[in-house]
Amino acid sequence: MVPSPLALLLALGAAATALAEPLRFVDCGSIDGSIQEVNVTPCPTQPCLLHKGTSYSINVTFASKIESQGSKAKVYGEMMHMDVPFPIPEPDGCKSGIQCPILKGHSYSYLNKLPVKSEYPSIKLLVKWELVDDKDQMLFCWKIPVQITS
């Protein structure tokens with residue numbers, strides 16, 4: 001049986017998605033952890049085009065240098081060197097793919113959503129994403145350029 005052209009296209013598309021390149025990011029102060037990879041889906045090119053009314057998947061793979069009972073995410077839009085809080089649905093890292101307590105030397109996949117509200121202005125900015133441990137120290141901090149668009 002010869003696969004149909006549509007089946008081949010779908011298979012190639014799935015393979016391309018699975019092999020998506022991790023984002024280039026700036027580490028902005030990871031102290032208690034080290035970032036291995038940051039992915040925002042969908043974001044095929046940088047700066048990421050974030051469409052109003054859409055939610056984006058965030059996946060950060062990091063290794064912890066400390067032990068912590070919990071973690072909390074803080075997200076900001078950075079404009080003109082000012083951090084504007086960006087609300088996310090679940091700030092608790094232990095409810096975002098991380099099995100707590102966090103153990104020193106272990107790697108974790110942090111998973112969350114970034115909802116882009118329709119009332120946000122169309123603007124270029126940096127998204128700054130922090131995950132702090134139970135002593136309010138940075139497990140990770142990363143920044144990527146984005147453009148919010150209609």
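Laid out as a table, the results:
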read-out: Ellipticity estimate at 222 nm from DSSP helix runs (n ≥ 4, -39,500 (n - 2.57)) divided over the chain, nearest 500; value: -3000 deg cm²/dmol
read-out: Projected-area mean, region 20-91, by convex hull of Cα positions, square nanometres; value: 6.0 nm²
read-out: Proportion of all alpha-carbon pairs of the chain beyond 22 Å (%); value: 44 percent
read-out: Counted charge near residue 93, where neighbours are those whose Cβ lies closer than 11 Å (Asp, Glu -1; Lys, Arg +1); value: -2
read-out: Solvent-accessible heavy-atom area per residue, rounded to whole Å², over the chain at 1.4 Å; value: 58 Å²
read-out: Residue 107/residue 78 FRET efficiency (R0 25 Å; Cβ-Cβ; nearest 0.05); value: 0.40
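The values are calculated or read from the model by the stated rules, or taken from the named source; none is laboratory data. Bear in mind that the values here come from a model prediction, so they are computed numbers and not experimental data. Neighbour counts run over all protein chains shown; Cβ positions are idealised from the backbone, glycine included. Accessible surface is based on the protein model in full, side chains and every heavy atom, while ligands, DNA and RNA are left aside. Shrake-Rupley method; radii C 1.70, N 1.55, O 1.52, S 1.80 Å.
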